[in-house]
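*Asks:* My structure is below; once you've seen it, I'll send some questions.
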Amino acid sequence: MSRIEQLIVEIEEYIDGCKFQPLSNTKILVNKEELEELLVELRLRVPDEIKQYQKIISNQEAIISEAKTQADALIQEATVQTNELVNEHEIMQRAYSAANQIVEDANAQAQAIVDAAVNDANNIRQGAIQYTDDILRSLQTIITHTMDESQSRFESFLSSLRSSYDIVATNRNELSGGQGQEAANG
């Protein structure tokens, strides 16, 4: 399991361990600093793992290069054998036939090696892309959940402030109404 996957599990466990907000079965209270620490570490780890996958993808070139080198060596070997056979007059016809077969076999074998290397490299690249997409999807879900929680808390806080403001305004109105009557009676 990669460090990114471990961090995602830690974030999920942290969220599961949080207490529910009073009078709610869906909203939780989150320690912002702890969650931010986990998210910062996750943000720092993502580029490292992406670099690791890019190295894997860059090895595709080495695999293809090695396959081409092997193919060239097979072709060179076939060419040498062909030249040796052609130099002997008695078996000239057999030499051409054998040389052509060797070249065809070498080309087929080289193509099979190149095809397998390209296929392996594409599979590795696709796996790296899928893994990165899965990690980013998980991160996006966590961020969305955190934003929803923050919005809910902000709205609750704003509602509480509005209520306090209304009480203060009512009290001030009562006080100014009471002073006006004392002045009229006095």
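*Asks:* Just check the range 134-173 against the gyration tensor rule for me: Cα atoms, a ≥ b ≥ c as the square roots of the eigenvalues, rounded for a/c under 1.5, and otherwise prolate or oblate depending on whether a/b exceeds b/c. Please list the in-between numbers first.
*Replies:* Numbers: a/c = 10.51, a/b = 9.53, b/c = 1.10.
Because a/c hits 1.5 or more and a/b exceeds b/c, the range 134-173 counts as prolate.
*Asks:* Given H placed on each backbone N at 1.01 Å, which residues far from Ser2 in sequence or on other chains put an amide H within less than 5 Å of it?
*Replies:* none
*Asks:* Shifting gears a bit: Using a Cα distance threshold of under 28 Å, what count of lysine pairs results for the range 6-116 when pairs must be 8 or more residues apart or interchain?
*Replies:* Lysine pairs satisfying the spacing and distance rule in the range 6-116 number 4.
*Asks:* Quick one: 3J(HN,Hα) in Hz for the range 52-65, Karplus 6.51/-1.76/1.60 with θ = phi - 60°, rounded, Gly and Pro as x.
*Replies:* Computed from phi, the couplings for the range 52-65 are 4, 5, 5, 5, 4, 5, 5, 5, 4, 4, 5, 5, 5, 4 Hz.
*Asks:* Assign one of three labels to the range 1-156, namely rounded, prolate or oblate, based on the Cα gyration tensor with a ≥ b ≥ c the square roots of its eigenvalues; rounded applies when a/c is under 1.5, prolate when it is not and a/b is larger than b/c, and oblate otherwise.
*Replies:* Working: a/c = 7.19, a/b = 5.40, b/c = 1.33.
Cα axes put the range 1-156 in the prolate bin.
*Asks:* Order 164-176, 145-157, 62-74 from most to least packed using the mean count of other Cβ atoms within 10 Å. List each step's numbers first, then the result.
*Replies:* Values: 164-176: 9.9, 145-157: 12.8, 62-74: 14.7.
Averaged packing, sorted descending, gives the order 62-74, 145-157, 164-176.
*Asks:* In vacuo Debye scattering of the range 1-71, one point per C-alpha: log10 I(q)/I(0) at q = 0.26, 0.27, 0.28 Å⁻¹?
*Replies:* -1.09, -1.12, -1.16
*Asks:* Pairs of alpha-carbon atoms within less than 8 angstrom and 6+ residues apart define the contacts here; what relative contact order does the range 1-107 have, in percent?
*Replies:* Computed value for the range 1-107: 19 percent relative contact order.
*Asks:* Going by the alpha-carbon gyration tensor, a ≥ b ≥ c the square roots of its eigenvalues, is the range 63-129 rounded (a/c under 1.5) or, if a/c is not under 1.5, prolate (a/b greater than b/c) versus oblate?
*Replies:* Since a/c reaches 1.5 and a/b is larger than b/c, the shape of the range 63-129 is classed as prolate.
Rule-based calculations on the coordinates, nothing more; no lab input. What you see is a predicted model; the values in this text were computed from it and never measured. Reconstructed Cβ throughout: ideal geometry from the backbone, glycine too, with neighbour counts over all protein chains shown.
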